[in-house]
Amino acid sequence: MNQISDYVVGVDLGATNIVSLLISRDARVIARDTRKTMGEEGKERTISQIVTSARSVIGEGEKAGISSKSILGMGIGGPGPLNSDGGMIHLAPNIPGWIDTYLVKELEDELKLNVFLENDANAAALGEWWLGAGRDVDNLVLLTLGTGVGGGIIIDGEVLHGARNTAGEIGHTIIHEGGLLCSCGNRGCLEAYASARAVVKRTLSAIYRGEETLLTDLVKNKLEDITCKLVYDTARKGDSLCKRVVEEIGRYLGIGIANIVNIINPEMIILGGGMANAGNLIFEPIRKYAREHSFTAAMEGVKIVPAALGVNAGAIGAVAYVLKKKGLLKTINNFDPNLLNTFKA
Ligand SMILES: [Zn+2]
């Protein structure tokens, strides 16, 4: 087989973990590394974790006969707000002391590689578009449902950045004026209703109101042990409180998605993050309410699907970002996301 000999390092800088991949231009995954972000130990420690992680996949590549000279560059997806062209992350909410840091320059000095920075949610959307659930469409929106609700928008095969690089903050669209307080300080944001944290809060307030649920036994009355995943698992067992909470979260997400569909008219909405693993339990109400609240013509044919690349989406998208910048990105039709599971978690 004729292999293309150029490679790219892709890094996803998450609040908890860093994921690094070494991938060829034709989408062969050569190496993967994951390690803790160590954000609580400050900015310098986190940057050294990124460098160590990148060096680890470059080293694995060398063992496989790939010279570091054939590495085209490195892409990194990081938390916003950031300045992609200036290579600066303004603020990393989970890393103390991280203010206005020229991350690209620091990494280029250390690694002697050309480095490109993109917002993490945009990178994940780009990854799903290149090799994941969205590879057959050119207009998609990715929502990552985790501690927060992140968003990335791709229109005609390009990430929508907006005038000041802040586009895609779907988690902070208002679905309820004067509603629940959001982590951003505003009220009524989608994130305040549909994040994993919101699922737990909603469940707890129902328990405090005296509603019966299997959860109290499952956590032996230690209510602080209730997690979003546990709420979903218990809903699947038929628990009526948990089922109702999941339905309500699905309704809010459906309303949020209806707004997106009416504005952007995408071909696909991809849901990533932990909650997207809950299957039909969450997808059914989301589809139902999205349909109810959007224009029929806009919603027609829109697929609402789970993400395919899991925790690797950001790192894969960071690679795609570099290839796009260099005009080298090509369509890959035979990528198997399951191959990513052959690397350790
Ligand atoms: Zn908000």
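The values are calculated or read from the model by the stated rules, or taken from the named source; none is laboratory data. The model shown is predicted, which means the values in this text are computed figures rather than measured ones. Reconstructed Cβ throughout: ideal geometry from the backbone, glycine too, with neighbour counts over all protein chains shown. These area figures cover heavy atoms from the full protein model, side chains too; ligands, DNA and RNA do not enter into them. Shrake-Rupley method; radii C 1.70, N 1.55, O 1.52, S 1.80 Å.
Couple of notes before you dig in:
- Projecting label points 7 angstrom from Cα along Cα→Cβ for Glu41 and Ala163 puts them 4.3 nm apart.
- Furthest towards positive pole of dipole, Phe335, Ile270, Gly256, structure part the chain, Cβ charges: Phe335
- Structure note, pairs Lys43/Lys112; Lys201/Lys237; Lys288/Lys344; Lys288/Lys325; Lys201/Lys324: Cα-Cα distances above 29 angstrom occur for Lys288/Lys344; Lys288/Lys325; Lys201/Lys324.
- The charge dipole of the chain, taken about its Cα centre with unit charges on the Cβ of Lys, Arg, Asp and Glu (plus for the first two, minus for the last two), comes to roughly 460 debye.
- Of Ala298, Val8, Thr101, farthest towards positive along the dipole that unit charges on Lys, Arg, Asp, Glu beta carbons give the chain: Val8
- Separation of the Asp136 and Lys105 label points, Cα + 7 Å toward Cβ, nm: 4.7
- For region 280-330, with all protein chains in place and a probe radius of 1.4 Å, 53% of the accessible heavy-atom surface sits on carbon or sulfur.
- Each residue of region 16-22 was assigned a 3J(HN,Hα) from its phi angle through the Karplus curve 6.51 cos²θ - 1.76 cosθ + 1.60 (θ = phi - 60°); the sequence is 9, 10, 10, 10, 10, 10, 10 Hz, with glycine and proline shown as x.
- Residue-by-residue Karplus 3J(HN,Hα) for region 81-87, coefficients 6.51, -1.76, 1.60, Hz, glycine and proline x: x, 9, 10, 4, 5, x, x
- Pair Leu204, Asn277: separation of 7 Å Cα→Cβ label points (nm): 2.2
- Cut-off under 5 Å, modelled amide H: who pairs with Phe116 long-range: Met74, Gly75, Ile76
- Global form of region 23-164, assessed from the alpha-carbon gyration tensor, a/c cut-off 1.5: oblate
- Region 191-327, relative contact order [Cα under 8 Å, separation at least 6], %: 23
- For region 71-119 versus region 225-243, the spacing of their alpha-carbon centroids is 38 Å.
- For region 36-76, with all protein chains in place and a probe radius of 1.4 Å, 50% of the accessible heavy-atom surface sits on carbon or sulfur.
- Accessible surface, the chain, averaged per residue in Å² (probe 1.4 Å): 46
- Given a 1.4 Å probe and the protein chains as shown, His293 ends up with an accessible area of around 90 Å².
- Rounded to whole Hz, the Karplus (6.51, -1.76, 1.60) HN-Hα couplings of region 194-204, x for glycine and proline: 10, 7, 4, 4, 5, 4, 5, 4, 4, 5, 4
- Solvent accessible area, Å² - Ile50, 1.4 Å probe, full protein context: 0
- Rounded to the nearest 10 Å², the accessible area of Asp120 at probe 1.4 Å: 50
- The chain has equivalent-ellipsoid semi-axes of 35, 22, 20 Å, by the square roots of 5 times the alpha carbon gyration tensor eigenvalues, sorted largest first.
- One Cα centroid belongs to region 150-173, the other to region 300-325; the line between them spans 14 Å.
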